[in-house]
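Here's the structure we're looking at; comments come further down.
The values are calculated or read from the model by the stated rules, or taken from the named source; none is laboratory data. Treat the numbers as computed from the prediction; the structure is a model and nothing was measured. Neighbour counts run over all protein chains shown; Cβ positions are idealised from the backbone, glycine included. Heavy atoms of the whole protein, side chains included, go into the accessibility calculation; ligands, DNA and RNA do not. Shrake-Rupley method; radii C 1.70, N 1.55, O 1.52, S 1.80 Å.
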Amino acid sequence: LESPPGRYVLGWEQQCFDQIVADVFGYHAIQIGLPQLNGLRENRMPMHALLTHANDNRELINRFHWHPIEGSPTEMPFANESIDLIVLPHVLEFASDPHQILREVDRVLRPEGRVVISGFNPASLWGAKQYLSRLIGNPYLPRDGQFISLLRIKDWLQLLNYSLDRGHFGCYKLPLQGESAMGRMNFLEPMGNRWWPIFGAVFIVSAIKRHQGMRLIGQVQKARIPSITQLTPAAEPNQLSSTHDAGSGK
């Protein structure tokens, strides 16, 4: 992340997170991991926290004045349905059990809450370079990272009854190490957005948790209220005469 390509990725993701979380309202927002990026910078909730490990760099945590909470993303120290916003910058692809992390996110997120996920796109030049560099024993990105496609993450979220709100691809420059070389490729950004948008090196997706409720199946039959004449049975003529005789004593 300190290299020119790493700073390039952080800059693009910071802009996208700022746009997505600016209009998310509530009380509690959590970012999991990657303290080099402030995914909650433009959010206006009163409480911003960073879920960290005990061995995380404290200087990075103090850079953005985070409220650190030690814990594991697979067993979050939060109550059920208590969080309004969760951001996961490059968390799932470096986790041994990404499904469990999403289950924990679903547990602690309120109904209509939002989760924002970023990751590297395997169907990109960066993903191809990572695959080839692994073959020669010198991976370009961290070795333990397993790139997950955006389509797969969308399937996981839909299985959890989340509705997809926004999705972005970005970072179309070649992963070169020189700062000047990266600067000369600025023209690739608008070209990539227009001509090959799904091959961006990084993606960000936002989804909203939907609450399961009751649904009426089929047509609703309206019950007719009977009138007062229908509730009172009509008297027969012979019943009226017998009633009159009883009253007269005959």
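Would you please list the contacts, defined by Cβ atoms under 8 Å and residues six or more apart or on different chains, that run from a residue in segment 67-81 that is closer than 15 Å to residue 115 by Cα to a residue that is loosely packed, with under 13 Cβ neighbours inside 10 Å?
Matching pairs, first to second residue: 81/111.
When the residues of segment 139-195 are narrowed to those that are modelled with pLDDT under 85 and in contact with a strand residue (DSSP E or B) (Cβ under 6 Å, 6 or more places away or on another chain), which ends up most open to solvent (accessible area, probe 1.4 Å)?
Only one residue tops the list, namely 166.
Could you please let me know if residue 26 is assigned to a helix (DSSP H, G or I) and surrounded by fewer than 18 Cβ atoms within 10 Å (Cβ to Cβ)?
no
Against the definition (farther than 20 Å from residue 167 by Cα, modelled with pLDDT of 80 or more and among the acidic types (Asp, Glu)), how does residue 112 come out, yes or no?
no
Within segment 53-82, which residues are on the phi > 0 side of the Ramachandran plot and loosely packed, with under 13 Cβ neighbours inside 10 Å?
Scanning segment 53-82 gives a single hit, 65.
Name the single residue, out of those in segment 91-118 being within 15 Å of residue 157 (Cβ to Cβ) and among the basic types (Lys, Arg), that is least open to solvent (accessible area, probe 1.4 Å).
Only one residue fits best here, namely 114.
Report yes if some residue within segment 5-18 is open to solvent by less than 50 Å² (accessible area, probe 1.4 Å), part of a loop (DSSP other than H, G, I, E, B) and out of contact with any Cys (no Cβ under 8 Å at 6 or more places or on another chain); otherwise report no.
There is no residue in segment 5-18 that is open to solvent by less than 50 Å² (accessible area, probe 1.4 Å), part of a loop (DSSP other than H, G, I, E, B) and out of contact with any Cys (no Cβ under 8 Å at 6 or more places or on another chain).
When residue 39 is evaluated against the numbered criteria (1) assigned to a loop (DSSP other than H, G, I, E, B); (2) out of contact with any Pro (no Cβ under 6 Å at 6 or more places or on another chain), which criterion, by number, is the only one it fails?
(2)
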